[in-house]
Every structure is written in structure tokens, then in C-alpha cells.
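One structure is given here, and the rest of the page talks about it.
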Amino acid sequence: MRRFVVVGHLGSTDPGFSLNDLPGAGRMDELCRCVAASLCLSHGMRRDAECWLLLLGGPRGPKTICFSGAKVRNLSPDERNIAGLIKKALGLPCGTTFREASPGVWVRKGGLAAVLEECSCAVLDEGGEDVREGSSLPETLLLSDHLNFTEEEEALVHGLPTYSLGPEVLHADQAIVVLHNERDRRES
């Protein structure tokens, strides 16, 4: 299993956001690209991968949306399609346990603290161990969107293993592609 947890600091939790203005919905465009990078292959789907979006931008409190490559249906790699699945998930009443919004897409209330309670994560960070030098890669990697982790988030992830992709800082979706490539090479 490969799991990517992406913190969307400004990601809207209101299903009323416009599909015509994804950047204006808390950089929903970037988050949609992370889902596509996590799950989509050329003419296929990564069935061994998941992408969890932690939407923290309000107004309805933090929510987590899980996309499962093994079970998702009707997902194409374009931002608008993925944003439509996110809108549908956000429109579903939910509690603190995952509720299926559409095949392979689940939603629940809660943010980073809830994820860290249930998943053993490593953090993608410029100061971490180079992924090419590590003997193994973790199952779950935590990434931030275009913003750095807040002080509260830094406190939550303090002490977790950290990994780096090299000397340049990449967009979260690009980082996911590089991480997949590294694992693909190791597993082939």
C-alpha cells in the first residue's frame, strides 16, 4: 500500500465552491492534482495507492477525504472531475468515522491529529533523509500543500521520520510522482 496524506491548509470544506474557480476554493486545483498524481497511471489506476486530503480551510471544520485506487470509480485525471467528487463528498453529512460518498471516496470530520492516531506516517521535508539513500520507504507519507506546516502541526509531527526528495522544493503533486517513481524502481 502507498498512502499520501496531503494537508490542504486553505482547502474549502464547503461543497458550494465553484468548479470554475478551483484555485479560489483554497487551492483545490493543487489538491486535485495530488489525487491524480497519487492514483492515475497512463491508461490505468494505481490500485495499491490511496490519497487522503486534509481540508482545513473551513468553514465547516476540518474534514478528511480518502480516495482509494483499489475501489474508486468514475475518476479521471482532470482537476474538474476530481473536484466534482470532492464536492459530492463534502455535501454528505458525516461524523468522525469515514462515510462513503461515492465508490472509493470517503469523507469524515477531523484533520491531522485524527490521521496521526491511526496511521504511522513519515513526513516529506527538505531536511530529511534522501529517499534514494533510505533502505526502505514508509507506507504513508505526509505532505503539505503550498504552505509550510503550522507550529501546531509541527508539534504533532515532531519526532516522525522525515524524507527529502533532493535539493529543490517541488509542488506536492510533483513530489508524489517522484515518490511513486522511486518505489516503482525499487519494486521492479
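Go through the range 135-155 and report how many residues are within 23 Å of Ser12 (Cα to Cα) and either without any contact (Cβ under 8 Å) to a residue 24 or more places away in the chain or surrounded by fewer than 17 Cβ atoms within 10 Å (Cβ to Cβ) (or both).
7
Report whether or not Asp125 is under 26 Å from Asn20 (Cα atoms), in contact with a strand residue (DSSP E or B) (Cβ under 8 Å, 6 or more places away or on another chain) and among the acidic types (Asp, Glu).
no
Assuming Leu39 fulfils every condition listed in (1) surrounded by fewer than 24 Cβ atoms within 10 Å (Cβ to Cβ); (2) over 19 Å from His146 (Cα atoms); (3) under 14 Å from the mean Cα position of the chain (by Cα) apart from one, which condition is it?
(1) is the only condition that Leu39 fails.
Looking for whichever is within 14 Å of Val6 (Cα to Cα) and assigned to a loop (DSSP other than H, G, I, E, B) here; the options are Leu170, Leu142. Which one fits?
Only one candidate qualifies: Leu170.
What residue, among those in the range 111-127 that are more than 15 Å from Ala155 (Cβ to Cβ) and open to solvent by 20 Å² or more (accessible area, probe 1.4 Å), is nearest to the chain's Cα centre (by Cα)?
Leu124
Give me a count of the residues in the range 162-184 that are crowded, with 16+ Cβ neighbours inside 10 Å and farther than 24 Å from Leu39 by Cα.
Of the residues in the range 162-184, 0 are crowded, with 16+ Cβ neighbours inside 10 Å and farther than 24 Å from Leu39 by Cα.
Kindly provide the set of residues from the range 148-166 that are outside any loop (DSSP other than H, G, I, E, B) and not acidic (Asp, Glu), ordered by number.
Ala155, Leu156, Val157, Thr162, Tyr163, Ser164
For Asn20, work out the one condition from (1) in contact with a strand residue (DSSP E or B) (Cβ under 9 Å, 6 or more places away or on another chain); (2) open to solvent by 10 Å² or more (accessible area, probe 1.4 Å); (3) closer than 22 Å to Leu92 by Cα it doesn't fulfil.
(1)
Output yes when any residue across the range 55-72 is touching a strand residue (DSSP E or B) at 6+ places or on another chain (Cβ under 8 Å), charged (D, E, K, R) and modelled with pLDDT of 95 or more, and no when none is.
Yes, that holds for at least one residue.
Is it the case, given these coordinates, that Arg33 is on the phi > 0 side of the Ramachandran plot and surrounded by 21 or more Cβ atoms within 10 Å (Cβ to Cβ)?
Taking the combined requirement at face value, the residue does not satisfy it.
What about Leu90, is it in contact with a helix residue (DSSP H, G or I) (Cβ under 8 Å, 6 or more places away or on another chain) and either more than 17 Å from Phe17 (Cβ to Cβ) or modelled with pLDDT of 95 or more (or both)?
When the stated conditions are applied, Leu90 does not pass them.
The values are calculated or read from the model by the stated rules, or taken from the named source; none is laboratory data. These figures come from a predicted structure and were not determined experimentally. We place every Cβ from the backbone using ideal geometry, glycine too, and count neighbours over all the protein chains shown. For accessibility, only protein heavy atoms count, side chains too; no ligands or nucleic acids. Shrake-Rupley method; radii C 1.70, N 1.55, O 1.52, S 1.80 Å.
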